[in-house]
Amino acid sequence: MDEDFIPRVGTFFILLGICMAILFGASLLTLVNEYNAQVQKTDSSWQAAFSNSQSSIEQQKLLFTYLGGAILSLGLGALMRRKAPPPPPSGRFSGFKNLLARRSKKNNQSQKK
C-alpha cells in the first residue's frame, strides 16, 4: 500500500469534519432564530417558546449529531494526518534569507571596526 494514502485519507476526514462543523453552526443559528421568533410571538415567555418540545428535541439531536461527527472526524483525521512526513523545504524565501544574512554580516563587520 502506498505510504501517502493514509495521510490523504486523514486530510479527507479533516475536510469532512470542517464541513460538519459548518453544518453544526448553521443548524445552531437556525434553532436560535426559531427560538427568538417564538419568544417574540409569546410576549417574551421563554417557557411557551418550547411548547412544541418534540420537534425541538429532534432538532437538538440532529444538531449534536453534527457536532459529534465533526469532533470524531477531525480527531480521526488529525491522527491519520500526523503520520505524514513533513514536506521538503521549498526555498521560496531563500533570497530574503540571503539578504538578511548579508545585512547582518555587514552590521557585524561595521561594529567590530
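Residues in segment 71-89 that are at pLDDT 85 or above, out of contact with any Phe, Trp or Tyr (no Cβ under 6 Å at 6 or more places or on another chain) and either surrounded by 13 or more Cβ atoms within 10 Å (Cβ to Cβ) or of a type in the set (A, V, I, L, M, F, W, C) (or both): 71, 72, 74, 75, 78, 79, 80, 81. Of all positions in segment 52-60, none carries a residue that is within 33 Å of the chain's Cα centre (by Cα), under 30 Å from residue 12 (Cβ atoms) and modelled with pLDDT of 80 or more.
Filtering segment 11-40 to residues that are under 10 Å from residue 73 (Cβ atoms) and small (Gly, Ala, Ser) leaves 17, 21. When 90, 104, 73 are screened for being more than 31 Å from the chain's Cα centre (by Cα), of a type in the set (Gly, Ala, Ser) and either part of a helix (DSSP H, G or I) or closer than 25 Å to residue 14 by Cα (or both), only 104 passes.
Answer yes or no as to whether residue 39 is assigned to a helix (DSSP H, G or I), of a type in the set (A, V, I, L, M) and at pLDDT 75 or above. In short, no.
The values are calculated or read from the model by the stated rules, or taken from the named source; none is laboratory data. Only a predicted model underlies this, so the values are computations on that prediction, with no experimental measurement involved. FYI the Cβ positions are ideal-geometry reconstructions off the backbone, even for glycines, and counts take in every protein chain you see.
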